[in-house]
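Report on the structure given below.
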Amino acid sequence: MTATKVMTHPSETPAPTGTMKALVYGGPGKKTLEDRPRPTLLKPTDAVVKVAKTTICGTDLHILKGDVPSCEPGRILGHEGVGVVESVGTAVTEFNPGDRVLISCITSCAKCAACKKGMYSHCSDGGWILGHLIDGTQAEYVRIPHADTSLHPIPPGSDEEALVMLSDILPTGYECGVLNGKVEPGATVAIVGAGPVGLAALLTAQFYSPAQIIVIDVDDNRLATAKRLGATVVVNNVDGKAAESVMQITGGRGVDTAIEAVGVPATFGVCEAIVAAGGTLANIGVHGKKVDLHLERLWSHNIALTTRLVDTVTTPLLLRTVEAKKIDPKLLITHHFRHADTLEAYDTFGRAAATKALKVIVDI
Ligand SMILES: NC(=O)c1ccc[n+]([C@@H]2O[C@H](COP(=O)([O-])OP(=O)(O)OC[C@H]3O[C@@H](n4cnc5c(N)ncnc54)[C@H](O)[C@@H]3O)[C@@H](O)[C@H]2O)c1
Ligand SMILES: [Zn+2]
Ligand SMILES: [Zn+2]
């Protein structure tokens with residue numbers, strides 16, 4: 001995609017030196033804010049970005065619980081954020097030091113077979129590596145491989161805080177939930193789970209004017225937020241009877257699109273029970289346990305079941321919708337912390353039911 005572009009900086013810009021503060025995973029249940037060497041350029045396609053704002057993802061909490069063994073102790077966490085390019089490798093043609101950028105949670109080379117299919121999440125030299133297999137964004141500086149295709153320029157005058165939501169949760173809700181779920185004008189949609197990802201699906205589902213969006217959670221505060229953000233009906237599933245309620249609400253028909261945004265067998269079961277004949281069950285949740293698929297009932301229902309790891313292939317499109325004020329992802333931000341208080345930010349985010357946290361911004 002950049003083959004004809006003239007290189008604007010023939011020599012490698014010197015990488016930053018010295019140390020920086022970073023949130024480091026120390027093994028299950030352990031995290032510290034400690035001094036680490038600043039990252040340097042390792043490949044000509046790398047950039048080093050000075051992070052301005054980052055956030056914490058439910059996935060970071062999964063890592064801290066020990067659910068992601070591929071993330072090893074010593075790793076700097078974080079796969080979301082905005083910042084300023086500090087230095088670039090000789091092969092980077094799209095960015096220069098000083099450029100303000102949005103960091104994608106998915107690294108993509110844009111050249112491999114998966115990337116050419118738009119499946120950046122399965123890039124043979126990328127995918128979800130940031131804050132997982134390589135050091136991440138909850139630090140003063142981060143090295144971004146394949147910078148040309150893994151960073152996005154921030155349009156001048158943008159609200160950068162809102163754009164932090166575009167590193168991961170907005171493309172996740174949109175790609176895995178709304179696009180895979182084939183949300184259409186006039187359709188009936190159910191979103192199970194009103195966390196940041198379910199709410200991102202709620203915001204972006206409205207691009208398509210569905211007639212009804214039913215949001216299901218067990219947390220009344222999150223359901224109230226869903227109502228503010230456009231849910232037509234909310235259902236509290238604390239009694240485990242959400243499926244019955246949705247069938248009642250839809251006159252026994254069920255929903256055209258059932259979006260699973262929790263990641264546990266019970267909520268997948270709700271989606272299976274409520275998807276209408278001809279409908280789509282779009283799974284977003286990260287599942288750690290096996291779930292039952294009731295083909296003895298669903299085989300004849302003409303349904304589709306989709307799964308997806310976010311590709312962030314829609315980030316440029318979502319950037320334009322935010323610029324045009326079609327959606328306001330800032331509505332998902334509930335708390336702000338200084339970098340020195342990152343551990344407190346984790347505590348607040350980790351106790352979301354008590355603190356009413358959705359997304360927390362950490363200013364670096
Ligand atoms: N597919 C992907 O690429 C991708 C990317 C990012 C996140 N995810 C996954 O998406 C899921 C949602 O992420 P999140 O950050 O919004 O998580 P979250 O934990 O903040 O939200 C989950 C919500 O589900 C609700 N819930 C729990 N049990 C419930 C039940 N029985 N019935 C109804 N609601 C229930 C919780 O109250 C909570 O509000 C997670 O599994 C996450 O790992 C997937
Ligand atoms: Zn994430
Ligand atoms: Zn690739």
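Every number here is computed from the coordinates shown, using simple stated rules; none is lab data. What you are looking at is a predicted structure, and each value in this text was computed from that prediction instead of being measured. No Cβ is skipped: glycine too gets one built from the backbone with ideal geometry, and neighbour counts run over all protein chains shown.
Of MET165, VAL197, PRO155, which is farthest along the charge dipole of the range 136-205 in the positive direction, counting Lys and Arg as +1 and Asp and Glu as -1 at C-beta?
Towards the positive end, the residue furthest out is VAL197.
For THR306 and HIS62 in one chain, what is 0.36 nm times their gap in residues minus the Cα-Cα distance, to one decimal in nm?
Roughly 85.6 nm would be gained on extension.
Between THR90 and GLN212, what is the label-point separation in nm under the 7 Å Cα-to-beta-carbon projection?
6.3 nm
Charges only on Cβ, +1 for Lys and Arg, -1 for Asp and Glu: so what's the dipole of the chain about the Cα centre, in debye to the nearest 20?
Using Cβ point charges on Lys, Arg, Asp and Glu, the chain gives about 220 debye.
Subtracting the Cα-Cα distance from 0.36 nm times the residue separation, let me have the gained length for ALA110 to VAL264 in nm, one decimal.
52.2 nm
Helix 265-274: angle to the longest alpha-carbon principal axis of the chain, degrees 0 to 90, nearest 10?
For 265-274 against the chain, the angle is about 50 degrees.
Could you give me the ³J(HN,Hα) list for the range 342-351, computed from phi with Karplus coefficients 6.51, -1.76, 1.60 and θ = phi - 60°, whole Hz, x at Gly and Pro?
Result, rounded to whole Hz: 4, 5, 5, 4, 4, 4, 5, 5, x, 10.
Assigning unit charges at the beta carbon (Lys, Arg +1; Asp, Glu -1) and nothing else, what dipole magnitude in debye, to the nearest 20, does the range 25-70 show about its Cα centre?
The dipole magnitude comes to about 120 debye.
Given labels modelled 7 Å from the Cα in the Cβ direction, how far is it in nm from ASP125 to ASP220?
If labels sit at ASP125 and ASP220, their model points lie 5.4 nm apart.
Return the loop-located trypsin sites (Lys or Arg not before Pro) in the range 217-282 (DSSP other than H, G, I, E, B) with at most 15 other Cβ atoms within 10 Å of their own Cβ; answer none if there are none.
LYS241, ARG253
List, in order, the whole-Hz ³J(HN,Hα) value for each residue of the range 101-116 obtained from phi through the Karplus relation with A = 6.51, B = -1.76, C = 1.60 and θ = phi - 60°; use x for Gly and Pro.
9, 9, 8, 7, 5, 10, 8, 9, 7, 6, 10, 6, 4, 5, 4, 5
Which lysines, if any, have their Cα less than 16 Å from the Cα of LYS31, not counting same-chain residues under 8 positions apart?
Qualifying lysines at Cα under 16 Å: LYS21, LYS65.
Mind checking the range 299-364 for trypsin sites (Lys or Arg not before Pro) that DSSP puts in a loop (not H, G, I, E or B) and that have at most 12 other Cβ atoms within 10 Å?
LYS325, ARG351
First measure r as the distance between the Cβ atoms of ASP99 and THR355, then evaluate 1/(1 + (r/R0)^6) with R0 = 25 Å and state the FRET efficiency to the nearest 0.05.
The calculated FRET efficiency here is 0.10.
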